[in-house]
Amino acid sequence: MSASRRPIRLALADRGIDGVTLLVLPAALFVVLLFIHPFLYGLLLSFTPKEGGWLGNYTRFFSDPYMYGTIWLTLRIALPVTLLNIALSVPVAMQVRHMKHQRLLTTILVLPITLGTVLVAEGLLNYLGPQGWLNRTLMLVGLIDRPIRLVHNYWGVFISLMITGFPFTFLLTLSMISGIDPALEQAAATLGARARHRFRHIVLPLVLPGLAVTFCLAFVDAFSVFPSAMMLGAPAGETRVISFAAAQAAFEQYDYSYASAIAMIMAAVQFGFVGLVLMARGLFYTGPADGGKG
Amino acid sequence: MESALERLWRTLVWAFVIFLVINVIAMIAAVVVNSFGTRWLSSWLPAAFTTRWYVSAWKEFQLSDVLLVTFQIAGSVVVISALIGVPAAYALARRDFPGKPLVMVLFLLPLLVPPITFGVPLATVLYKVGLAGTMWGVIVANLVPTVPFTVILMIPFIEQIDPKVEAAARVFGAGTGRLFLHVLVPLLVPGILAATLLAMVRTVSMFELTFLTAGPSSQTLVVALFYSVFAAGVRAGQSIDAMAVIYMLSTLIWLVVALRFVNPTQIVARVKKAPA
């Protein structure tokens, strides 16, 4: 009996499956049960609306301008913020990578991520308000003569997404740019390439694939903006984002089927953009960036 | 040799960094100053300073209860995710098995999909089984991103341990259980502490999942803060800011300790160590 069992165990062990491998099971099962399963359940639920055929929730969403408009309103915030954050992250990371006290700066920048969107929104309500320090400083300097309105509108949400989003894209970009072997740039410098050309022909091609992934992560995050759109924006008007519409359907109308449909539409838009970006990423170079020293 | 244009560019970039840092600090300072101020209308600073808002916020928002709930939830999340996350990370660091890339994707997805997107279907399932609205519902919901986070963060820490140490323990007859208890856990203490503290920070500041699954008696501090801001007008702004300061302290304590073990960049990315 043991003669017939041992070879199976050995054969499995050869393929990397033994007692140790099984340790991955509890965590994997947990994620399947509480992440994959709710997603599939939500997908099925979205096709069983309270009234109408199996596509009832989706036709309801796409025939109501107040509902399908949320996609555009959310994109209008999320896309510019993400692009701006990435455009700013690259030059800043290029300068900061040689900085001596890098850790102080990265620690300050990690604060808004740690504190979370709710606290940032509460802080900005004071800081950006008509009597806040920003408006006071701008008036003192003479840039404006009356307070500009920065809260309870589009710009409040935009600024809050910059405060939490920039540190995120910046820290990711910094870790990518620091991973490039300095010898590559030194070689180019020896051959007489100026900083601008070294960036254009060496650094940029190497970080572009990584930037594409950073864009995906940051965009998906910005597209699901929720607390700051409600606290700093105008949730009934120009910052009625799609996550708010989903939460409203679930907790004000108790229509979980419709809420699931909205969540699925939200996921579809996010995956759609990520898919497009990753397809474009296939066009860039994606090899090693460490100069091949291993 | 730098040209004038390159120097100008450098100055511009640094000016932006300084501007950004000043804004972040000023935004946080505005909350702290307001929480200690008596009356703050049309002036640079409040008329006078007081600590009474902390007393009133503590009573008004029942902060002792809220803090207790917050740390019960965060504590449970952290312990459970370490218990199932570290062994999984060990298996992924040490074994190559068919389907391993798929398992990695499985652990990466909950970290990449934003909480509000999977939170709505997750809350629906938790309501169906009757867990939502209870403390366990909030714990389970918060475990969904925290378990994969622990797994992904622990893998490099485990890879750094020389497999020969484990082989030696095996030679002397240690089973997997004793290997963990007497060899791996002591060696992994810095990694486990870092993962635990960062998971703590994430759970205390996780708004979306807690908001979607919490009932009145299972609210954490962030959700209570959100509701009090949203129902503003009834409460004094200073009292809300006093609560915000208490919330900041409750997250930053763990961050300060965690930063002794990890680099700030590691909080968002897995950084490759430069070869020695």
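See the values below:
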quantity	calculated
Restricting segment A:166-182 to residues that are of a type in the set (G, A, S) and either crowded, with 22+ Cβ neighbours inside 10 Å or in a helix (DSSP H, G or I) (or both), the residue that is farthest from the other protein chains (Cβ to nearest Cβ)	A:S178
Test for A:I163: is it assigned to a helix (DSSP H, G or I), touching a residue at least 24 places away in the same chain (Cβ under 8 Å), within 10 Å of chain B (Cβ to nearest Cβ) and surrounded by 14 or more Cβ atoms within 10 Å (Cβ to Cβ)	yes
Selection count where residues are among the acidic types (D, E) and either assigned to a loop (DSSP other than H, G, I, E, B) or surrounded by fewer than 23 Cβ atoms within 10 Å (Cβ to Cβ) (or both), scope segment A:104-155	1
Members of segment A:227-243 found to be surrounded by 22 or more Cβ atoms within 10 Å (Cβ to Cβ) and either closer than 22 Å to A:L276 by Cβ or modelled with pLDDT of 90 or more (or both), listed by number	A:V241, A:I242, A:S243
Condition check for A:G192: surrounded by fewer than 22 Cβ atoms within 10 Å (Cβ to Cβ), under 26 Å from A:F284 (Cα atoms) and at the interface with another protein chain (Cβ under 10 Å from one of its Cβ atoms)	no
Matching option when the condition is more than 11 Å from B:V86 (Cα to Cα) and touching a helix residue (DSSP H, G or I) at 6+ places or on another chain (Cβ under 7 Å), among B:P156, B:P145	B:P145
Positions within segment B:208-251 being at the interface with chain A (Cβ under 10 Å from one of its Cβ atoms), surrounded by fewer than 18 Cβ atoms within 10 Å (Cβ to Cβ) and more than 26 Å from A:A250 (Cα to Cα), in sequence order	none
Criterion (polar (S, T, N, Q), part of a helix (DSSP H, G or I) and at pLDDT 85 or above) met by exactly one of A:Q270, A:Q253	A:Q270
Matching entry among A:L84, A:L88 (being surrounded by 16 or more Cβ atoms within 10 Å (Cβ to Cβ), at pLDDT 90 or above and more than 10 Å from chain B (Cβ to nearest Cβ))	A:L84
Selected residue (criterion: farthest from B:T220 (Cα to Cα)) from residues of segment B:102-138 that are more than 10 Å from chain A (Cβ to nearest Cβ) and surrounded by 23 or more Cβ atoms within 10 Å (Cβ to Cβ)	B:G137
In segment B:85-101, residue nearest to the chain's Cα centre (by Cα) [restricted to those that are buried (at least 22 other Cβ atoms within 10 Å of the Cβ) and either closer than 19 Å to A:F35 by Cα or more than 7 Å from chain A (Cβ to nearest Cβ) (or both)]	B:G85
Any hit, segment A:146-156, residues being within 16 Å of B:S43 (Cα to Cα) and either more than 9 Å from chain B (Cβ to nearest Cβ) or touching a Pro at 6+ places or on another chain (Cβ under 7 Å) (or both)	yes
Helices (runs of 4 or more DSSP H) contained in segment B:174-257 and holding at least 1 residues assigned by TED's automatic domain parsing to the domain that holds B:F118 and closer than 29 Å to B:A132 by Cα	B:185-205, B:208-213, B:221-230
Contacts under 7 angstrom Cβ, first residue in segment A:234-247 being more than 13 Å from chain B (Cβ to nearest Cβ), partner assigned to a helix (DSSP H, G or I) and at pLDDT below 85, 6 or more apart	none
Checklist (1) under 27 Å from A:L124 (Cβ atoms); (2) out of contact with any Phe, Trp or Tyr (no Cβ under 7 Å at 6 or more places or on another chain); (3) not assigned by TED's automatic domain parsing to the domain that holds B:A231 applied to B:S56, failing item	(3)
Helices (runs of 4 or more DSSP H) contained in segment A:1-74 and holding at least 3 residues surrounded by 16 or more Cβ atoms within 10 Å (Cβ to Cβ)	A:25-31, A:37-46, A:56-62
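The values are calculated or read from the model by the stated rules, or taken from the named source; none is laboratory data. Keep in mind that this is a model prediction, so the values were computed, not measured. So basically every Cβ, Gly included, is an ideal-geometry build from the backbone, and we count neighbours across all protein chains shown.
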